[in-house]
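Derivation of every value follows stated rules applied to the coordinates shown; laboratory data play no part. What you see is a predicted model, and the numbers here were worked out from it, not measured in a lab. For neighbour counting, all protein chains shown are included, and Cβ atoms are generated from backbone atoms with ideal geometry for every residue, glycine included.
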Amino acid sequence: TAGTDDASLVEAAGLPVAAIPGEEGNIKVTLPEDLRMAAGLAEEEPDLRIGMGGDAHRLAEGIPLWLGGVRVDHPKGLLGHSDGDVLLHAVADAIYGALGDRDIGFHFPPGKEETRGISSRLILAHARSRMASLGYGLLGLDAVVMCEAPKIAPVADAVRNSIAEILSVSPDGVSVKGKTTDGMGFEGRGEGISAWAVALPSLSSALADAV
């Protein structure tokens, strides 16, 4: 006897068939595509956070220019209580913001002598440790640097890899872009550089139970 499924075969044998309510998530796994669907259903709903950070510093002669933890060849550098790395400051504040944490100025007060000249890599590493201590992992980071010079495209990969290394994530999850202002504003006049970043950390239920 041919049948379309188990129930049709039972009916063909003259036996009664009854429908019993079940769990919609308990899917039948037959094909490889079904396995991928089952894996997706088995994953715990992540706790997503989003944060935005921004910063700006004035350019000055005679000091090195640091962007994203990379020393960039340029006749001017960024003034700051730290090394002036405006990009790492924006990224750190984006992470702090996603966590509902205080900003860089709170964690690294500019009036304290012990933080003068501090590497911004240490600032971002602190933000990373705050994120990890709460059980969060970084899903993605997008950043933009606003300036007329230097050009960001030639150093974008090095900067991206540097940020990924500090955050202990894959470079695939980090994006760094350069934009100009067509000569408008302090960036357009070459007086300074600004940067903006958006961070997306995630905390799974399992991690939340562990912290």
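Observations on the model:
- Counted by Cβ distance under 10 Å from Ser175, the other residues give a net charge of 0, where Lys and Arg count +1 and Asp and Glu count -1.
- Dipole magnitude for the chain: about 1100 debye, using +1 per Lys or Arg Cβ and -1 per Asp or Glu Cβ, origin at the Cα centre.
- Ranking Ile63, Thr4, Val86 by Cα position along the charge dipole of the chain, where only Lys, Arg, Asp and Glu carry charges on their C-beta atoms, puts Ile63 farthest toward the positive end.
- Net dipole in debye of the stretch 105-211 [+1 Lys, Arg Cβ; -1 Asp, Glu Cβ; about Cα centre; nearest 20]: 120 debye
- DSSP-defined antiparallel bridges as percent of all bridges, the chain, nearest 5: 80 percent
- Charge dipole (debye, nearest 20) of the stretch 62-160; +1 at Cβ of Lys and Arg, -1 at Cβ of Asp and Glu: 140 debye
- Theoretical gain in end-to-end length, Arg58 to His126 [0.36 nm per residue, Cα-Cα removed]: 22.1 nm
- Using a simple spin-label model with pseudo-atoms 7 Å out from Cα toward Cβ, Ser170 and Asp157 lie 1.8 nm apart.
- Positive-end residue, the chain charge dipole about Cα centroid, Cβ charges, pick of Leu141, Trp196, Thr30: Trp196
- For Lys179, the lysines whose Cα comes closer than 26 Å to its Cα, not counting residues fewer than 8 places off in the same chain, are Lys76, Lys151.
- Taking Cα atoms only, the orientation of helix 86-98 departs from the longest principal axis of the chain by about 40 degrees.
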